[in-house]
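Input: a single structure, listed below in structure tokens.
The values are calculated or read from the model by the stated rules, or taken from the named source; none is laboratory data. These figures come from a predicted structure and were not determined experimentally. Cβ sites come from the backbone with ideal geometry, for glycine too, and all protein chains shown count toward neighbours. Heads up: the accessible areas ignore ligands, DNA and RNA and are worked out on the full protein's heavy atoms, side chains in. Shrake-Rupley method; radii C 1.70, N 1.55, O 1.52, S 1.80 Å.
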Amino acid sequence: METANEYEMILIDLSHTSHTQARTGVQRVSRSLHAAVAGHRGDHVCAVTWDPYRQVWRRLLPFETAALSADAPSDHRGARWPLSWKIRGRIERWTKKPEPPLPEASAVIVPEIFSPQVATHLPPLLARTAGPRIALFHDAIALKLPEFTPAKTVARFPAYLRELLAFDGIAAVSQDSRDTLLEWWRWMGVSDIPDVAAIPLGVEDPKEDPVLARPTAVPVVLSVGTLEGRKNHPALLDACETLWQQGHAFELRLIGLAHPETGRAALERTHALQAAGRPLRYDGAVDEKTLRAAYHECAFTVYPSLMEGFGLPVLESLSYGKPCICSAQGALGESSRGGGWLSLPPVDASSLASAIAWLLTRPEQRLLLTHAAQARAQKPWDTYASELLAWMSGVRRRTKAAG
């Protein structure tokens, strides 16, 4: 049996991440995973994309590779291709210009939530390896909270769950995600399932920079995350408005791209509070330096999300030694275990207001949570890559998997 160190070549599908500057959770995970695996395997890792204009799987071009390390803020979540490449790709397809073949591989990793178009063309990519073919599974929130999810995503998700059966192994980002996936497959009547393991994600090491750690006149309460339905920002905004009315002095700072459909209510509420003169700062999408500075400067963080597959901002907050208020349920409860957080069974405006007020008015308790957060052992991405590769070495090729 192959071991992780014997893989000759690992193909990593980054069809979406290589064509966007968005820094949503999945994009950040995909970029970090690619960098970490490449750190282990060096030249034996090949990032690939499905090219809809050439209609081929191919290696990334320089402009696509650059997108993997892009740090400029973006207000667009979707994939964008340069017009020049759209034209060039079509011409090369029509003229049947040969494309350098992809290397034969001993493993394929798909960390993204792939589109229907990519799913249609996955079989030839998966067929390039003797195994294992691995996909990351993030969550099934589209089916668990459809009322907070775009209708197109909800309609798409059952097909996506079936398409995951083409893989030999699924690396779920949390135990909760693993249990959810297996539960849905059982409900769908699937009997022949891939190997599914819960391998919690890594987190970036905090960048210690004294210049970034500027003191603030009033406590800053930070919330990092996309403004979208399930992230529950309206409840956080209502909680903060209640506290401001009661005379509490603090600034709420929101960082994250607003979803054009499900984030509209939160964005409108944010603008209304700003117009009323409340100390509310909304930065939208930011670069890495700004995000690091925000973590350094805040007193603590709030992650009001109702449900997550993992909850990366929670662990990020704790890695900076900043207490975090978040749900105690599901994957968020998993991520928070180990100290430094304040748990909320119900994540509603009343509970959020009480928790924020408790940390604002009890500096000694906040200090205890800060020490607990600083004492936590965090998993870096390098360790995550080691765990993933080690698990992959024991995943056997399924005879009924596509490819």
Counted residues, region 355-382 - those being open to solvent by 60 Å² or more (accessible area, probe 1.4 Å), over 25 Å from D238 (Cα atoms) and assigned to a helix (DSSP H, G or I): 7
Restricting to region 306-328, what's the tally of residues that are among the aromatic types (F, W, Y) and either more than 16 Å from R366 (Cα to Cα) or open to solvent by less than 10 Å² (accessible area, probe 1.4 Å) (or both)? 1
Can you find a residue in region 177-186 that is within 24 Å of R23 (Cβ to Cβ) and either of a type in the set (A, V, I, L, M) or open to solvent by 10 Å² or more (accessible area, probe 1.4 Å) (or both)? no
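Quick check on region 43-64. Is at least one of its residues of a type in the set (G, A, S) and at pLDDT below 90? Full working, then the answer.
First, pick out the residues of region 43-64 that are of a type in the set (G, A, S): 47.
This time we only want the ones that are at pLDDT below 90, so: none.
The answer is no, given that none of the residues of region 43-64 is of a type in the set (G, A, S) and at pLDDT below 90.
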Which number in (1) in contact with a strand residue (DSSP E or B) (Cβ under 8 Å, 6 or more places away or on another chain); (2) in contact (Cβ under 8 Å) with a residue 60 or more places away in the chain; (3) open to solvent by less than 20 Å² (accessible area, probe 1.4 Å) marks the one condition that A331 misses? (1)
Just checking, does region 183-197 include any residue being within 26 Å of W381 (Cα to Cα), among the hydrophobic types (A, V, I, L, M, F, W, C) and over 20 Å from the mean Cα position of the chain (by Cα)? no
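Restricting to region 65-88, and then to whatever is of a type in the set (G, A, S) and closer than 30 Å to E261 by Cβ, can you tell me which residue is modelled with the lowest pLDDT?
Start the filter on region 65-88 by keeping residues that are of a type in the set (G, A, S), which leaves 66-67, 69-70, 72, 74, 78-79, 84.
Narrowing the set further to residues that are closer than 30 Å to E261 by Cβ leaves 66-67, 69-70, 72, 74, 78-79.
Values: A66: 89, A67: 87, S69: 83, A70: 72, A72: 68, S74: 62, G78: 69, A79: 77.
Only one residue tops the list, namely S74.
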Count, please, the residues in region 334-344 that happen to be open to solvent by 30 Å² or more (accessible area, probe 1.4 Å) and either under 24 Å from Q246 (Cα atoms) or in contact with a Gly (Cβ under 7 Å, 6 or more places away or on another chain) (or both). 2
Just for region 116-130: of the residues that are of a type in the set (S, T, N, Q) and surrounded by fewer than 16 Cβ atoms within 10 Å (Cβ to Cβ), which one is farthest from R156 (Cα to Cα)? T120
Just to confirm my filter: which helices (runs of 4 or more DSSP H) fall fully inside region 14-110 and include at least 2 residues that are open to solvent by 50 Å² or more (accessible area, probe 1.4 Å) and free of Cβ contacts under 8 Å to residues at least 60 places away in the same chain? 62-68, 83-94
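I'd like the full set of residues that are among the polar types (S, T, N, Q) and more than 22 Å from the chain's Cα centre (by Cα), limited to region 353-403.
Kept after step one, since they are among the polar types (S, T, N, Q), are these residues of region 353-403: 354, 361, 365, 370, 374, 378, 383, 386, 393, 399.
Within region 353-403, S354, T361, Q365, T370, Q374, S393, T399 qualify.
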Residue, modelled with the lowest pLDDT, within region 1-13, restricted to residues that are open to solvent by 10 Å² or more (accessible area, probe 1.4 Å) and assigned to a loop (DSSP other than H, G, I, E, B): M1
